[in-house]
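Below is one structure, written out as structure tokens; comments come after it.
Readers should treat all values here as calculations from the given coordinates under stated rules, not as data from a laboratory. The structure presented is a predicted model; accordingly, all values stated were derived computationally and were not measured. Neighbour counts are summed over all protein chains in view; Cβ atoms, including those assigned to glycine, are modelled from backbone coordinates with ideal geometry.
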Amino acid sequence: MASVLPLDELTRVLTRSAGEEILQRVLQRGAPVAVLFVDIDHFKSINDAFGHEVGDHALQFVAERLRAVVGQQGHVARYGGDEFFIVLPQADEIMGRTIGEQLLEDLGGRVVSPAYPLHLRLSIGMALGPRDGTTPAVLLRTADRRHYFAKHAGGHCLVATDRRATGELVAVPRRPIGQRQQLALLYTRLEELLHHSSGVIRVQAPPYGGADNFLRIAQDISRLQGYLVVPVEATPPRHLRYLGALSHAVAHALSQQGESIPPLETPAQLLRALKHLLQVAQPAKGLLLTITNAAWLDEASVQVVQHLLRLPEGFEHVGLVYAAVGNAQTRFRAPMYANITLPPLDRHEVKAWIRHALRWEPPEVLARWVWEQTEGLPEKIHQTLAALVHRGYLQPQPEGWRWQLPTDWDPPTPNHADPAQIGVPSDLPLLFGRNRELWTLQEAVKKFPLVTVSGAGGVGKSRLLQQLALESHKHFPDGVRYIALEGVSGDRLAAALARGLRIPLQMRGEIFPQITQHLQSRRMLLVLDGVAAAPEATMLLSRLANAVPQNRMVVGTLWQLHLPTEHVIRLAGLETSEEEGTSPAAHLFFHIARRSGGGQHCGEGRGREEVEEICRWAEGSPMAVRILASWCNTLTPAQILESLSHVKTRTNPLEAALDAFWGALSPDERRRLALLALFEGAFPLAAAREVADASLFFLDALAAKTYLSRRGGGRFYLHPLLQQYARVRLQAFPDDVTRAQRQHAFWYLQRLPETAGAHTEAERWGFLASEDDIPDITKAWRWALHHREAALLAEAAPWVFPSLGELNQFAETFALVDESVAHLRRWETRQRDRDYFRLRAYLEVVRAEFYYHFGDYQEALHILRRVYRRQFPSLPPLHQAHVTSVLGRVHSALGDYAAAVSFMEHAYQVYQQEDIAPLLLSLLNAIGVAAYGQGDLTAAEHFFGKALALSREQKKPRAVAALLNNLGNIAWQRGRHEQAEQMLHEALRLLKGEDPPSLKASVLDSVARVESAQGAYQRALNHLNEAISLSRRISAWPNALVAMSTVAQVWAEIGHAKEAADLLATITRCQELPHYDYAQVQAIMQRLPEGNPLALSDVDALTQYVLHQNRLWGMELSHAPQADPSPGGSP
């Protein structure tokens, strides 16, 4: 192709027009393509210093190297001046990054020629088609913009996504700006410290006050003075392991010296490692520790640091400089002690901070705004500047920055590791004896796409993987997910993985492609715990690793998976011996013994030796050690050893410890403990009493012995390994198991609503179960289904399936509905009583609701008509109302508003008579939507208003937000923009901190409509991007399409009518678009030129295209005049 196209005369690569022609052909074929925009750093200075002849020679040299590296993989063209671009057909992000990095490495190691020994540097921006655009102009413009990001990040690097702009373009000043008096004091006090044998400097600052920068200066000065510097970064996750922050710092220092990492699990081991560091880091006059955020240093690390300040043998000079936030109390003492308090920066110092960070003189108005937003706190200044860049208000240019002040601003939130978001429990126990293994695992994750952590049960794999997940959060831009897969196998594995990733699955179609689609554009760490080494699991993980190689996976399993790409780390028990002092396993034992109130039996002398012997008996198994240590509140170590001597069989130490405990129980206690294994999740005391006849005292005793864990809300939880052990023991109590299973089912399907005050049928229809109860509710449902308890199932169904739906478990709920319907079809005719038909009808209507929510309105209508025709007259009133309310919603989506209102009025009368507020509220909203679809804004406003009053009375913030959104849309359509703004502003405020993505997306779409009407187009595009991203996250394609129709209106307003028409033509071809929105789209299309549908595969690809175009045109608008906002302000 390239051979017949014109070449640039100087460089002999393709001309710009020829390169664009090739790119156009690739895009027309619909193939993926990567475009690299390449620019020579500081090329003007070469021309100025050496002349244009040398400059021409440098251009020829770069073109030659580009051709050599790219080879047959793509095409090189000269864009103009010192800029080139490369077209890589069939390339994805990984291939594009690889070639870009090869170019940087190739140029970095060469000189232009012996005559011109110049080292050239490149800045490279990358764009991907069709993700970032579908035309050559858009892709080149995007790659060009990203190459400016690379330049502003220091040059000679590649920027492949806009995410790189969030932080790397903003450089934290190496020296503190302002705070001169405090800096001078640091120099003076540091000199004193380095001349004392032991000393402490505390740097006290408000949160985000810049204390870390002072610590860096102390590190630099101390290194110049010949000190070994060990920076310790204390964080909330490292606070959860014994010697966590200090061991990590020592391991890092050893690795920098090229040393292997020894055990770092005890104070004695840490001191030996530090002595070794002082010997290898020559010449080392002494040791200086710096600690950031000292409040998060674990207690054991605090004690080691204080011990070092007392100068133990082998340490002649020890200094400490640490950061204390706010009024935190002093934790360290030494002969020399000083305190430095940092004030916030003033307005002029903030301006200087920005000047150094952006290498640019900021306007006074921008500096003042940043000062007001950040209160002069340096770390907040950095976060705010990075957010301004990320949101398009600060944009790098060839010279300086283009800027615009935000008209509405949400301050950036710190990116802390949130256990709930990561998927780990919030009440993790302290991790002992795994510092070296964690370091090894963290290093393996950097190198290998798939790491397997294998080991026997009870060896501590889960706790190690949970810690890895917490501490890896900041290293993965799209986050970390810990997913427990214990007991999940076969076809349930993919669904469990999707649920752990919080992907709301489509009802139809394979699950695996939905998972890979979700991960394709992300870079995450997936920590998959408890994976069975079965063929289906191995195959799934192998496919996943190959499909999304930019992500990392760590798998916890009993045995390795034997995959080609697998890196295996074998986990054994904790060390049970130590040269000096206490072993890591014994440290864990003493910690548990003290917590259980029995530490006095095993402190010193013979008791300590017996503890070490117990730990050796347990082979260092952390769970076995915990169980045995909990006995110390009743037995001495000698008595524990005596009990263990009677254990006859021994397959593994955990099972042996459990056998010993089991032998100490009475027959009745054994029965109750075994029956607790029937629970699937965390259970309340009332359920334990009903199912296992377990009292609060019995549960408390088990919790004290670490067999049970306490959870929030007065619940208890049995560890999976202990649950597995107890379930084996269930075989000894067959009659009790039969009775308990029945009581379990009746408690969860009948008694559970009653505990929340739902006693009548109407109250049960409005009841929603908590997430903690869902595993046991599902188990109870399947038991009742298998035992054909039709009355129990029919009574529970109206709240069971809404409870599952409330948790967004759509795929699992739909599968349970299908499973239930299939099971009911096998019931004999004599078993099909009134309860059977009531249950069957309810399940069919739920199936129809699923089809409705995913846009398949005809299938939903087909199911509902069948139920209405065959079973409607014989159903109880509430079930009839359920049928007609769903029929009304489906008819409304299909545009048959008269039928919709008729059906919903019937349901409304029933719900009003039964006084079921939650169902009434939902139905009033649906009737309002139908009236809105008919164009009857007055009726719609009336029904929405009634629903709003009811939702406020019921104190349901999500419902209030939804109704304010609907009323805001009506106010906007009637030209009452200020009223619309007020309503939508309140809706967004109510949704802050909530996580209903589809609702928030709808409100943001409404906000953007109002902003567009006011001429605030950039703000509108920003809010629309947020709305589309939220919809895409949960695959709510109807919401995404509606938001994109608003996008098209904005595009048309800002001069992109052709692109708007093409977008709308594409939207109308999507079957997920609701009927009433389809009519609105058609009305917009009549005002635009004829559009051509885009060649995109599905709605997801369309959303990616729109998101990119919005970011691009939003940046173009950022320096254009914007209409003044209305007095009410934007929500």
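Can you order the peptides 857-870, 198-211 by their average number of other Cβ atoms within 10 Å per residue, highest first? Show your work: numbers first, answer last.
On the way: 857-870: 17.2, 198-211: 23.0.
In decreasing order of mean packing, 857-870, 198-211 become 198-211, 857-870.
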What distance in nm separates the simple spin-label points at T634 and L7, each placed 7 Å from Cα in the Cβ direction?
8.9
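Give the whole-number value, in cubic angstrom per residue, of the convex hull volume spanned by the C-alpha atoms of the range 2-160.
Details: hull volume 15.9 nm³, N = 159.
Spelled out: Cα convex hull of the range 2-160, divided by residues, is 100 Å³.
Determine the relative contact order of the range 737-865: mean sequence separation of Cα pairs under 8 Å and six or more apart, normalised by residue count, in whole percent.
22
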Per-residue ³J(HN,Hα) for the range 488-502, Karplus 6.51 cos²θ - 1.76 cosθ + 1.60, θ = phi - 60°, Hz, x for Gly and Pro
9, 8, x, 6, 7, 5, 5, 5, 5, 5, 5, 5, x, 7, 6
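What is the packing order of peptides 302-308, 905-911, taking the mean over residues of other C-beta atoms within 10 Å and listing the highest first? Could you put the intermediate results ahead of the total?
Values: 302-308: 17.9, 905-911: 20.1.
Per-residue Cβ counts within 10 Å, averaged per peptide and sorted highest first, yield 905-911, 302-308.
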Under-5 Å amide H pairs with L571, H placed in peptide plane, nonlocal only:
S454, G455
Around I291, which amide H atoms from residues at least 5 apart in sequence, or from another chain, sit under 5 Å from its own amide H, with H modelled in the peptide plane?
V232, V321, Y322, A323
Using alpha carbon centroids, what distance separates the range 291-338 and the range 653-702, in Å?
45
Virtual spin-label span in nm between L405 and E53, 7 Å along Cα→Cβ:
5.5
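Assuming 0.36 nm per residue, please report the length gained on full extension of the stretch H42 to V111 beyond their Cα-Cα distance.
Values: separation 69, 0.36 × 69 = 24.84 nm, distance 1.53 nm.
Going from the current span to full extension adds 23.3 nm.
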Let me have the 222 nm mean residue ellipticity of the chain computed from DSSP H runs of 4+ only, each contributing -39500 (n - 2.57), with the sum over all residues rounded to the nearest 500.
-17500 deg cm²/dmol
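Counting only C-alpha contacts under 8 Å and six or more residues apart, can you give the relative contact order of the chain as a whole percent?
Values: 1851 pairs, mean separation 75.4, N = 1131.
Computed over the chain, the figure is 7 percent.
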Just how far, in whole angstrom, is the range 1018-1058 from the range 515-594 if you go by their alpha carbon centroids?
40
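Between S521 and L118, what's the calculated FRET efficiency when r is the beta-carbon distance and R0 is 30 Å? Round to 0.05.
0.20
May I ask you to order 1011-1018, 882-889 by the average number of other C-beta atoms within 10 Å around their residues, highest value first?
Details: 1011-1018: 21.8, 882-889: 24.8.
Descending mean neighbour count gives 882-889, 1011-1018.
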Using the Kirkwood formula on alpha carbons, the hydrodynamic radius of the range 880-946 in angstrom works out to 11.3
State log₁₀ I(q)/I(0) for the chain at q = 0.09 Å⁻¹ as given by the Debye formula over alpha-carbon point scatterers of equal weight, solvent excluded.
-1.33
For the range 428-570, just the Cα atoms, rotate onto the principal axes and tell me the three extents in Å, largest first.
47, 31, 31
For the range 347-403, what's the relative contact order in percent, using C-alpha pairs closer than 8 Å and at least 6 residues apart?
26
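Going by how many other beta carbons lie within 10 Å of each one, how would you line up T1046, T636, fewest first? Can you show the working numbers first?
Values: T1046 24, T636 17.
Going from sparsest to densest Cβ surroundings: T636, T1046.
Tell me, what is the FRET efficiency for R67 and E299 to the nearest 0.05, using R0 = 56 angstrom and their Cβ-Cβ distance as r? If you can, show how the numbers build up before the last one.
Numbers: r = 61 Å, r/R0 = 1.09.
E(calc), rounded to 0.05, equals 0.35.
Between V365 and L768, 0.36 nm times their residue separation minus their Cα-Cα distance comes to what?
Working: separation 403, 0.36 × 403 = 145.08 nm, distance 5.19 nm.
Net length gain for the segment: 139.9 nm.
R0 = 30 Å: FRET efficiency of H759 with A664, Cβ-based, nearest 0.05? Spell out each step's value before the answer.
Values: r = 43 Å, r/R0 = 1.42.
Efficiency, from the Cβ-Cβ distance: 0.10.
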Only counting other Cβ atoms within 10 Å, I'd like L288, L990 sorted with the fewest neighbours first.
L990, L288
Hey, how many Å between the Cα centroid of the range 478-501 and the Cα centroid of the range 756-773?
28
Got a sec? Charge dipole of the range 737-865, +1 on Cβ for Lys and Arg, -1 for Asp and Glu; which of A756, T829, S803 is way out at the positive end?
T829
How would T538, T565, T829 line up from fewest to most surrounding beta-carbon atoms within 10 angstrom?
T829, T565, T538
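Expressed as a fraction of 2.2 N^0.38 Å, the rule-of-thumb size for a compact globular protein of N residues, what is the C-alpha radius of gyration of the range 584-664? Mind showing how you got there, number by number?
Details: Rg = 11.2 Å, N = 81, 2.2 N^0.38 = 11.7 Å.
So the range 584-664 has a normalised radius of gyration of 0.96.
Note the direction-averaged projected area, equal to a quarter of the hull surface, for the Cα convex hull of the range 310-440, in nm².
Values: hull surface 57.4 nm².
Approximately 14.3 nm², given one-decimal rounding.
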Given the chain, what percent of its DSSP beta bridges are antiparallel, to the nearest 5?
40
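By how many nm would the segment from F872 to A184 grow when fully extended, if each residue of separation counts as 0.36 nm and the alpha-carbon distance is taken off? Could the numbers behind the result be given before it?
On the way: separation 688, 0.36 × 688 = 247.68 nm, distance 8.49 nm.
Value of the extension gain: 239.2 nm.
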